[in-house]
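Read the structure below first, then the notes.
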Amino acid sequence: MLKQQLSLLLIISSLVSCSEMKELGLGNNNTAASQKTGTSFIELKDGTVITGKEIIYPKPGNIDFSKFDPFKKQTPPDDSIGIGNRKFAKESIYGYQDKGVFKAFHKTILLTRLRKGKLNLYSYETDAPTVSSSGILKETHVVFEKERGKFIPIYNSLEYFYETVSVNAAAGSLTKELFPYLTISPSEMSKDKLLRIVDVYNQ
């Protein structure tokens, strides 16, 4: 009788856990969730994926620096990101998807994913050192990711990128064709060329 009661309790506990996981959008098929372009979700560094209707972005704190009182406790800005009724600190988040676009955190930089596969490709923009008559110019930077969470920026040299993709003969050959000297400058940064290489590599 006691064994039967224990077995029943274990079954109920298992069902409750499965129900909670489903409610929170958690599960084992994280890759499938991250490939649904219409789905909003947050992916934590431990691999957990929480899905929901929309991403809730950080809101500024109530610090008014024009009336700042160093002796009065101030509310710091809330930099957490939420989904549904849950919020997560940036430090615990690998990335999130909103409106079909996936973004990942690399230190203080927010990367936009261009390609997902065996090799992921991301980009981000910074202000250029020069200013034109039309305003501040932007420079595009490209980052690739072979292992999850290990982002490698592409600066002037493509040598490490070439070493990575050249295990695929076609991708290595295309890299040498498009970048004969394996060098690239920010002003010449071409996402189109790099996307072609990554697409070949990911086939």
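Each reported figure results from applying straightforward, stated rules to the coordinates on display, with no laboratory input. None of the values given here were measured: they were computed from a predicted structure. Backbone-built Cβ (ideal geometry, glycine too); neighbour counts: all protein chains shown.
Some notes on this structure:
- Pairs from the list Lys45/Lys87; Lys53/Lys107; Lys146/Lys176; Lys118/Lys150; Lys53/Lys191; Lys138/Lys193 with a Cα-Cα gap above 25 Å: Lys53/Lys107; Lys53/Lys191.
- Positive-pole candidate from Leu114, His141, Leu194, dipole of the range 102-203, charges at beta carbon: Leu114
- Placing pseudo-labels 7 Å out from each Cα toward the beta carbon at Lys176 and Glu125 gives an inter-label distance of 3.6 nm.
- Here the Kirkwood formula puts the hydrodynamic radius of the range 102-203 at 14.2 Å, using every distinct Cα pair.
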